[in-house]
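This report refers to the structure that appears directly beneath it.
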Amino acid sequence: MSDNAISVEHISKRYRIGAVGGPSYHRLSEMISRAPQALWNYGRTAFKSSKDSSGEAESANKDEFWALKDVSFEVKQGEIVGIIGRNGAGKSTLLKILSRITEPTSGRFGLRGRVASLLEVGTGFHPELTGRENIYVSGITLGMTRAEIKQHFDEIVEFSGVSRFLETPVKHYSSGMQVRLGFAVAAHLESEILIVDEVLAVGDSAFQTLCLNRMQSLANSGQTILMVSHQLNHLRSLATKVVWLSESRVIGSGSPQSTLDAFTQATSETRTHVRYPDDPTSPIRIREVIAASPCRSGGAFEKNETLRITIHYDVNTPVKQAHVACLLNKGCECVFVTSDLDTSMSGYATRNKGRYSSSFDLPSEILTTGFYSVTVTTGHPNVDVFDRRADAISFEIVDESTPSRELFGNTLPGIVRPICSWSTEWCNFDSNSAVTA
């Protein structure tokens, strides 16, 4: 007997552009006035179909859109599988099909066991009902019995952290409170399969950690989890397998490390020099951000090179205690934060009106290979942010020289990869004597 919890075989989903989103009703006068045009359109469509019976006319119809095309993969029982891809790749459509919200145009899928789905914030919630009432409404919508909801009620409330607002209508809840309550209900459904869309991004970091721990606990107990997420660091630490969708097809599937690295490399764009327009209304305005090394200014830098980050900015109004800070990210993970206050007190001095240039060096042999981005901010420490440029520049660190690369490959886990000084010496080991450190 197969141990697959989810089996997807050649699933395709076709939508007709413009067929969804229009009004579901029309006035009788509108229907009568549009009848001749509707008959004419129907006749043209029938004529085109009869003229090209091979189906080429249908495939060439520009009013059709394939959200999924020939998607196949398997998920074994107890696996945590992440679905990744750019916006519009078909991730949410796939989850809606597996949750039986919509039917595939072709192909088939199999699910072994009870399924719980959390595809949107507040699934099954009614805005006028209280949090307490919506726990029951959402639970029943997800397939729980009233007895099961009552059994897990206290756990759901404690997990969601909304006990103070339990008697408040959920229309007064923030989006974060709604997603916490919605996930709490879905996470306590005694199901064999949990399907989760990108809803954890709404919660704060503490709640995201709580959810990740809960999903890990569910997986350890044998529950299968299928989740869509743009939080690659979450998938890297939680998933046992990753499926990569691009342009409605599966183009990669395998271990989180290899698949996420391939996805990051394919979707990252190197941008080592960026300029911004002037804005005299801002006390401090970032004008340029540059990444360069003594050897090159391109988008890829050798691991053994010293990389310099330079920020040019205008001070339009004299500012006391101004500073410039940079946040270095790899994927969705923070590598470190640095500012011009780190090595001198000059940041506390008054910056008079004029153009300034601040820079710092990334030491060689520090970063591991991969793509990095730099976010730049200017302002008062812990008070005001005058200007912020998220992911202003991006670059790639490559390694063609380290001997360990030949043994372990160019892609190693971790954020930093310094060259540490090792020493090895031979010790005369006497089996009859104790070995002292």
I'd like the Kirkwood hydrodynamic radius of segment 72-170, using the inverse of the mean 1/r over distinct C-alpha pairs, in Å. 15.9
If you stretched the chain out fully between Thr209 and His10, how much longer would it get, using 0.36 nm times the residue separation minus the C-alpha to C-alpha distance? 68.2 nm
Return the carbon/sulfur percentage of the accessible area of segment 184-277, one whole number, probe 1.4 Å, all protein chains in place. 46
Label points 7 Å out from Cα along the Cβ direction at Ser72 and Asn352: separation in nm? 7.3
Sort Thr270, Thr130 from largest to smallest accessible area, using a 1.4 Å probe on the heavy atoms of the protein chains. Thr270, Thr130
Test of understanding: what is the full-extension gain from Arg132 to Ser221, defined as 0.36 nm times their sequence separation minus their Cα-Cα distance? 29.3 nm
Solvent-accessible area of Thr317 with every protein chain in place, 1.4 Å probe, in Å² to the nearest 10: 70
Which distance in Å, rounded to a whole number, links the C-alpha centroids of segment 189-265 and segment 66-115? 13
Taking 7 Å along the Cα-to-C-beta vector as the label spot, tell me the Ser253-Cys295 distance in nanometres, rounded to one decimal. 4.0
Tell me the accessible surface of His188 in square angstrom (1.4 angstrom probe, heavy atoms of protein chains only), to the nearest ten. 10
Glu192 neighbourhood, Cβ < 10 Å, K/R = +1, D/E = -1, net charge +1
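The values are calculated or read from the model by the stated rules, or taken from the named source; none is laboratory data. Note that the structure is a prediction, hence the values are computed from the model and not measured. We place every Cβ from the backbone using ideal geometry, glycine too, and count neighbours over all the protein chains shown. We work out accessible area using only protein heavy atoms, side chains counted, and drop any ligands, DNA or RNA first. Shrake-Rupley method; radii C 1.70, N 1.55, O 1.52, S 1.80 Å.
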